[in-house]
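Below: one structure, written as structure tokens.
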Amino acid sequence: MKVSIFSDRHFPIGDIDPRLYGSFIEHLGRAVYGGIYEPGHPEADDMGFRKDVLELVRKLNVPIVRYPGGNFVSGYRWEDGIGDRKERPRRTELAWFTIEPNEVGIDEFQAWAKRAGSEIMMAVNLGTRGVEDARNLVEYCNFPGGTHYSDLRRKNGFEKPFAIKNWCLGNEMDGPWQIGHKTAEEYGRIAAEAGKVMKWVDPSIELTVCGSSSSEMDTFIEWEETVLRHTYDVVDYVSLHNYYGNRDNNTEKYLACSLDMDNFITTVASICDVIKRRKHSDKTMMLSFDEWNVWFHSNEQDKKIEKWTVAPPQLEDVYTFEDALVVGCLLITMIRHADRVKMACLAQLVNVIAPIMTENGGRAWAQTIFYPFLHASSYARGKALRTCVECGTYDAGKYGQAPYVESVVTVDEEKREITVLAVNRSLTEDAEVDLTVGGYGELRKIEHLILTCDDMNACNTADAPDTVVPAAVPCTEKTVLGKHSWNVIRFAW
Ligand code: AHR
């Protein structure tokens, strides 16, 4: 099949915010306990953090990590996780029906984030709590000193504020599964008031208000309209969440699910712009896609997990090669919306629907989805260019007509490098690419990486961690995207 890809320096989409390559650690399953933190593990550092996991996280170059939830945050008392560990309570955790030992809280997590080279996107509990606790947490984390909560932080050993810039006003408050689920009116009001006083404590922070938990929610659109009517002036981002899965066992259709993400982003941006006009505001609301990934493999096994244990193996999706192609398409989609999507979090980072897996007491390895994320985070920095792909399409059921090739061109002007990310969705045909990137003079191909596999269901495991890994394609004049493949093609000028 022949494919043409056109881009030009004169048609930029916008700067790619580095926070597009964020991720997420929730107090859920083995994300914290047995994931990032395992005192007694041979790789544990002085604080009990696993160095092997930190190394993989640093490799992914994750600029921001959302914490501590997720559904977990809606029942969380942040004070349980600070100060003397021996005094910290064990609690019933009602989002995931486990026991939370509170061995790790914000005191420890901020230290972990520094070691990982990441900032924190901190969520406050607007499920069982409200304005008071949200402002206290901002004071504990960000106020310099001389007040109750800032001095408590100093007493706990942290003289300097944590300086957390990004804050989420609760989590998925539109979902009936949420502890303290709210109507859009109820949530809109509490989010506006909590956000207002949080910014009074620290005017330098940025706030994300909860949008819909997925594009499938019955309340989608109406929720955004109502919540933004209440909060537009005080918040900086609205969140989007979506998870995908090959539930019908139909690979071609599954590979097209990024069209839903594209539609979701466009719709939410339009709603924001309508509210902007209605309010005669100068502010353009930006989007934070702060939960996205593939999540379906573990659904059945999770039903069998015993309740009320510490860190059970929940949401441990073992990702296949085809999931990696989907993650690649989702990344391309967000980069194509770099003008509006300024933050995004691959949910999650370790063990729980994650690119990194660990064994308790044992090995750590990279799942298949690790690689498209690694490549985008490493190379698709700088600016996104409008990218026109001319190719055939196919019928992808509810997702409509899907192009066989999904692609975006990015440019790092400082490094004088151009990166083309591309997925060939065809299961049978290679794509011969005619690429035109105008405005940069003659381009020299410096690298072509490909991730492909004959077995769409191949996985990486502790015993076979290199089953699905990228390979370098020789740099020739011709550019071919192999059938069912993820590609990174880099040029210098
Ligand atoms: O990431 C797993 C869960 O998915 C999060 O806790 C929740 O916000 C979403 O439903």
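The values are calculated or read from the model by the stated rules, or taken from the named source; none is laboratory data. The model shown is predicted, which means the values in this text are computed figures rather than measured ones. No Cβ is skipped: glycine too gets one built from the backbone with ideal geometry, and neighbour counts run over all protein chains shown. SASA here: full protein model, heavy atoms, side chains in, ligands and nucleic acids out. Shrake-Rupley method; radii C 1.70, N 1.55, O 1.52, S 1.80 Å.
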**Study point:** region 70-95: number of residues that are in contact with a helix residue (DSSP H, G or I) (Cβ under 9 Å, 6 or more places away or on another chain) and open to solvent by less than 30 Å² (accessible area, probe 1.4 Å)
**Key:** 7
Check your understanding: Where residues in region 414-428 are under 16 Å from His484 (Cα atoms) and touching a Lys or Arg at 6+ places or on another chain (Cβ under 8 Å), which of them is most open to solvent (accessible area, probe 1.4 Å)?
Key -> Thr428
Practice item. With a cut-off of at least 2 residues that are within 16 Å of the ligand (Cβ to nearest atom), name the strands (runs of 3 or more DSSP E) lying wholly within region 329-406. Key: 341-346, 356-358
Exercise for review: Select from region 15-56 the residues that are away from the ligand (no atom under 16 Å from the Cβ) and either among the β-branched types (Val, Ile, Thr) or open to solvent by less than 20 Å² (accessible area, probe 1.4 Å) (or both) and list them in ascending order.
Suggested key: Ile16, Leu20, Tyr21, Gly34, Tyr37, His41, Gly48, Phe49, Arg50, Val53, Leu54
**Study point:** Residues that are within 25 Å of Ser7 (Cα to Cα) and outside any loop (DSSP other than H, G, I, E, B), drawn from region 453-485
**Key:** Ala472, Thr479, Val480, Leu481, Ser485
Review point. Take the residues of region 59-83 that are within 13 Å of the ligand (Cβ to nearest atom) and part of a loop (DSSP other than H, G, I, E, B): which is nearest to Asn171 (Cα to Cα)?
Key: Gly70
Point to revise | Unmet requirement for Leu481, which otherwise passes all of (1) among the aliphatic types (A, V, I, L, M); (2) surrounded by fewer than 19 Cβ atoms within 10 Å (Cβ to Cβ); (3) touching a residue at least 60 places away in the same chain (Cβ under 8 Å) | key: (2)
